[in-house]
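Before we start, here is the structure in question, set down as structure tokens.
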Amino acid sequence: MQDENVLIKERWQKLAEIKEAGINPFPYTYEQTHHAEMLKQKYAKLSPEEKTKDKASVAGRIIALRRMGKATFMHLLDQTEKIQLYFRQEDLGEEKYAFLKKLDLGDILGCSGTLFKTKTGEVTIAVSAIQLLAKCLRPLPEKFHGLKDQEIRYRQRYLDLIVNPEVKKVFEIRAKIIKAIRNFLDQKGFMEVQTPILQTQYGGANARPFVTKINAWNMPMYLRIAYELHLKRLLVGGFEKIYDLSSCFRNEGSDHTHNPEFSMIEIQWAYADYNDMMKLTEDAFVFVAKEVLGTTKITYKDHVIDLKAPWKRMTMKEALKTFANIDVDQYSDKELFDLRITYNIDYKGDLNRGTMIALLFEELCEDKLIQPTHIIDHPQEISPLAKPHRKNPGVVERVEPFILGWEFGNGYSELTDPELQKRLLEEQAEKGRGGNEEAHPMDEDYINALEYGLPPNAGMAFGIDRMVMLFTNSESIRDVILFPTMKPEKAPMLFESKKEKETMLSVALINKSMKLEPWQQMNTIAHLTAAFGARTGRELFYKDTIKTAEGYDIKLNTAHAIMIKEIDSHHACLELLKKARELDLEVAEFTKEMMESSDDAKIEKITKNKKLSEIEYLGILIYGKKKVVEILTQQYKLFT
């Protein structure tokens with residue numbers, strides 16, 4: 001194959017020659033009367049070499065070109081199919097036929113002519129008129145999967161769609177799936193609504209959000225991680241059967257079933273519970289399968305999945321008994337926690353019994369749930385938005401449907417008690433303040449909405465992308481998202497300009513509610529700045545020393561400003577720390593225990609026996625880009 005740069009140069013030269021001939025290579029419109037697939041079906045019964053006087057105008061991309069002197073064969077690919085074109089110098093005239101030499105594979109062409117079938121039985125158009133619609137200035141890959149960069153299919157999806165027609169079929173099926181879901185819910189009396197993508201407070205799931213900023217309000221905002229809390233606000237307002245089907249965003253890594261931006265549907269149904277929602281989910285999958293594929297049996301790799309209802313139901317504890325031979329009710333807390341070592345389960349953060357049960361289930365059971373199965377009755381500790389089980393204490397009425405070992409959704413009998421909901425969200429918020437980036441934050445407005453009365457209801461969310469993977473036998477979630485999230489080959493670095501590096505700010509905040517003596521205030525500031533400086537290191541300095549006129553070296557201070565402000569409570573300290581961590585800012589913390597003792601082992605022992613809410617903060621320090629830190633701390637006044 002010729003060097004690509006040479007081929008590109010040749011194509012640009014042809015483009016120049018076309019323009020010089022007075023031909024517009026990028027026209028405004030073209031009258032396309034037929035698609036290839038329809039023509040091939042309509043004229044399939046023609047006999048070999050049978051001709052018609054029927055005319056058609058087609059448009060598409062040249063994917064095959066065979067010149068034979070005064071005759072040329074070409075294949076044109078449109079959205080539906082490819083069709084053969086036949087050009088003769090005798091029909092076109094010498095000048096128009098010579099124009100074919102300016103064409104290359106990949107060019108977009110409009111052609112009109114009459115239909116016939118060749119000796120070999122291929123439906124073909126005998127072309128009488130041609131029009132170039134777009135010149136392709138880069139050569140198409142000869143064999144797409146032979147490219148060295150295996151990720152080019154995702155990075156340059158337009159090439160993938162051109163060269164691999166089967167990829168287009170995947171996305172046609174995807175569109176049919178989404179249409180069928182909407183049809184199903186519409187028939188059931190549900191109404192589609194739109195919840196906000198930009199939110200001042202995220203929630204509805206345990207996930208780390210994407211953080212952005214609204215300049216007009218000079219404050220951070222979040223891309224939604226779920227629809228749930230806004231949908232339930234609408235139930236408070238009087239809607240009864242609603243859903244949102246669109247995109248969510250979670251700031252997490254990618255793998256074969258996860259993408260940071262993904263499509264999801266969430267359904268909220270007043271006066272229903274999780275039993276009703278399980279049946280609705282089963283019926284939805286059956287309806288969509290029949291509409292799109294004509295069957296409830298789907299082949300995925302080596303498995304034949306039968307979506308026919310009813311699906312198997314199994315509690316999380318029953319799954320552990322069945323697949324791991326572990327009866328968690330027979331284990332003490334210590335024995336249960338020790339299974340982390342047995343099964344090499346890595347977990348950071350405070351561990352409780354419910355969380356451990358969920359970790360064991362994920363590690364030992366999920367991959368064994370091949371046929372459709374509802375895993376029900378989850379531990380209360382990991383489900384702050386679900387109703388306590390009406391019969392079994394310690395668990396909630398929560399369901400996760402599994403197929404192929406993948407979690408397909410998450411649903412509840414929704415918690416409607418505002419007092420209990422507030423307490424559970426406060427517990428989650430405390431975990432977040434303790435560093436758990438996926439803990440559910442407190443949402444005061446949502447609690448306010450519940451206090452007006454939320455009717456009994458059930459909710460279910462399930463992933464559209466995984467459903468498409470199942471229905472199309474696709475290996476990766478990237479295969480079913482037209483433009484999956486990809487790290488650029490030349491990724492821009494954050495804070496890469498010199499100006500940004502120099503514009504940093506530290507803000508130390510003294511907790512006024514602790515009523516510190518002046519020496520304690522100074523001590524707090526000294527410890528905060530010392531701890532911060534020790535962790536951050538020499539990057540804080542422009543240079544080590546500066547010289548006087550006579551050459552005396554003075555040790556230079558940090559290159560960044562330090563402000564001292566006051567904050568009014570322990571709770572405010574924790575909330576500010578949480579927001580700073582979400583924005584990836586550096587923080588330092590100084591507690592009463594640190595002031596009362598210089599023995600780190602003693603401080604560690606005292607702190608270990610206290611909850612975060614019991615730790616008394618004397619002060620905190622926030623460091624980062626000046627604009628971000630200023631926005632975050634603007635409500636606090638200067639220390640006096």
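Based on DSSP H runs of at least 4 residues, each adding -39500 (n - 2.57), what is the mean residue ellipticity at 222 nm of the chain after dividing by all its residues, to the nearest 500 deg cm²/dmol?
Numbers: 21 runs with 217 residues, N = 640.
Counting only the DSSP helices, I get -10000 deg cm²/dmol.
In region 297-383, what trypsin sites (Lys or Arg not before Pro) fall in a loop by DSSP, with at most 15 other Cβ atoms inside 10 Å? Provide the component values of the computation, followed by the final result.
On the way: sites: LYS297, LYS301, LYS308, LYS312, ARG313, LYS317, LYS321, LYS334, ARG340, LYS348, ARG353, LYS368; in loops: LYS301, LYS308, LYS348.
Passing sites in region 297-383 are LYS301, LYS308, LYS348.
For region 34-83, what percent of Cα pairs sit more than 17 Å apart? It would help to have the intermediate numbers written out before the result.
On the way: 564 of 1225 pairs.
Percentage above 17 Å: 46.
Turning to a different aspect of this structure: Determine the dipole magnitude for the chain: charges of +1 sit on the beta-carbon of Lys and Arg, -1 on that of Asp and Glu, nothing else is charged, the reference point is the Cα centre, and the result goes in debye to the nearest 20. Please list the in-between numbers first.
Details: 92 positive and 97 negative charges, 469 e Å.
With only Lys, Arg, Asp and Glu charged at Cβ, the dipole is about 2260 debye.
Let me ask something else. Estimate the FRET efficiency between TYR30 and ARG155 by the formula 1/(1 + (r/R0)^6), using the beta-carbon distance for r and 30 Å for R0, to the nearest 0.05. Don't skip to the answer; put the middle values down first.
Numbers: r = 30 Å, r/R0 = 0.99.
Result of the calculation: an efficiency of 0.50.
So for region 1-144, what are the equivalent ellipsoid semi-axes in whole Å, largest first, each being the square root of 5 times an eigenvalue of the Cα gyration tensor?
Details: eigenvalues 137, 54, 44 Å².
The answer is 26, 16, 15 Å, longest axis first.
Sticking with the crude label model, points 7 Å out along Cα→Cβ, report the distance from GLU318 to GLU366 in nm, one decimal please.
A separation of 2.1 nm, rounded to one decimal place.
Which stretch or stretches of region 35-63 have amide N atoms under 19 Å from the point lying 7 Å from ALA134's Cα along the Cα→Cβ direction?
In region 35-63, the label zone of ALA134 (backbone N under 19 Å from the point 7 Å along Cα→Cβ) covers 35-36, 58-63.
So, counting K/R as plus one and D/E as minus one, what does the shell of residues with Cβ under 13 Å around LYS179 add up to?
So the surrounding residues net to -1.
Evaluate E = 1/(1 + (r/R0)^6) for GLN187 and LYS626, where r is the Cβ-Cβ distance and R0 equals 41 Å; express this FRET efficiency to the nearest 0.05.
Details: r = 56 Å, r/R0 = 1.35.
Efficiency for this residue pair is about 0.15.
LEU85's amide H: which non-local residues (gap 5+, or another chain) put their own amide H closer than 5 Å, with H modeled 1.01 Å from N in plane and none for Pro or chain starts?
Under 5 Å from the amide H of LEU85 lie the amide H atoms of MET74, HIS75, LEU76, ILE125, each far enough along the sequence or on another chain.
Expressed in nm to one decimal, what extension gain is obtained for the pair ALA98 and ASP584 from 0.36 nm per residue of sequence separation less their Cα-Cα distance? Mind showing how you got there, number by number?
Working: separation 486, 0.36 × 486 = 174.96 nm, distance 6.32 nm.
Net length gain for the segment: 168.6 nm.
Next question. Compute the acute angle (0 to 90°) between the alpha-carbon long axis of helix 418-433 and the principal axis of greatest extent of the alpha-carbon atoms of the chain; round to the nearest 10°.
Tilt of helix 418-433: around 90 degrees.
Here's another thing I want to ask about it. If you take every residue apart from PRO372 with its C-beta less than 13 Å away from the C-beta of PRO372, what net charge results, scoring Lys and Arg +1 and Asp and Glu -1? Intermediate values should be presented prior to the final figure.
Details: positive: LYS279, LYS297, LYS308, LYS312, ARG313, ARG466; negative: GLU282, ASP283, ASP306, GLU400, GLU407.
Taking every other residue near PRO372 into account, the sum is +1.
Beyond a 29 Å Cα-Cα separation, which of these cross-linked pairs lie in this structure: LYS391/LYS578; LYS42/LYS169; LYS213/LYS422; LYS82/LYS119?
On the way: LYS391/LYS578 37 Å; LYS42/LYS169 21 Å; LYS213/LYS422 27 Å; LYS82/LYS119 18 Å.
Distance filter (> 29 Å) returns LYS391/LYS578.
State the three equivalent ellipsoid semi-axes of the chain, derived from the C-alpha gyration tensor as the square roots of 5 times its eigenvalues, in descending order and whole Å.
Working: eigenvalues 681, 280, 92 Å².
Equivalent ellipsoid semi-axes, largest first: 58, 37, 21 Å.
For ALA21 and ARG67 in one chain, what is 0.36 nm times their gap in residues minus the Cα-Cα distance, to one decimal in nm?
Roughly 14.3 nm would be gained on extension.
Further, regarding this structure: What does the net charge come to around ALA134 if you take all other residues with beta carbon closer than 10 Å to its beta carbon, with K and R at +1 and D and E at -1? Don't skip to the answer; put the middle values down first.
Working: positive: ARG61, LYS135; negative: ASP107.
Within the 10 Å Cβ shell, the charges total +1.
Once fully extended, how much extra length lies between ALA526 and LYS348, figured as 0.36 nm per residue of separation less the alpha-carbon to alpha-carbon distance?
Working: separation 178, 0.36 × 178 = 64.08 nm, distance 3.06 nm.
61.0 nm is the gain from fully extending ALA526 to LYS348.
Restricting to the chain, compute how many DSSP beta bridges are antiparallel as a %, nearest 5.
Values: 93 of 109 bridges.
Of the beta bridges lying entirely in the chain, close to 85 percent run antiparallel.
So what J values fall out for region 382-388 if you push phi through Karplus, 6.51 cos²θ - 1.76 cosθ + 1.60 with θ = phi - 60°, rounded to Hz, Gly and Pro as x?
Coupling constants for region 382-388: 10, 9, x, 10, 9, 6, x Hz.
Another question, if that's okay. Taking only the alpha-carbon positions of region 150-246 and ignoring solvent, what does the Debye formula give for the base-10 log of I(q)/I(0) at q = 0.15, 0.19, 0.20, 0.21 Å⁻¹?
These q points yield log10 I(q)/I(0) values of -0.88, -0.98, -1.00, -1.01.
Per residue, what accessible area does region 161-277 have, given a 1.4 Å probe and all protein chains present, in Å²? Provide the component values of the computation, followed by the final result.
Details: 5110 Å² over 117 residues.
For region 161-277, the per-residue accessible area is 44 Å².
Testing the spin-label approximation: label points 7 Å from Cα along Cα→Cβ at THR295 and ALA216. State their distance in nm.
Taking the two extended label points, one gets 5.4 nm.
Could you pull out every one of the lysines with an alpha carbon less than 25 Å from that of LYS188, ignoring same-chain neighbours closer than 8 positions?
LYS176, LYS179, LYS232, LYS241, LYS279, LYS290, LYS297, LYS308, LYS312, LYS387
Based on the Cβ-Cβ distance of ALA601 and ALA309, what FRET efficiency does E = 1/(1 + (r/R0)^6) give at R0 = 45 Å, to the nearest 0.05?
Numbers: r = 60 Å, r/R0 = 1.33.
After rounding, the FRET efficiency stands at 0.15.
The values are calculated or read from the model by the stated rules, or taken from the named source; none is laboratory data. The shown structure was predicted, so the numbers you read here are calculated from the model rather than taken from an experiment. Positions of Cβ are generated from backbone atoms using ideal geometry, with glycine treated the same way; all protein chains shown enter the neighbour counts. For the accessible areas, the whole protein counts, side chains as well, though only heavy atoms, and no ligand, DNA or RNA atoms are used. Shrake-Rupley method; radii C 1.70, N 1.55, O 1.52, S 1.80 Å.
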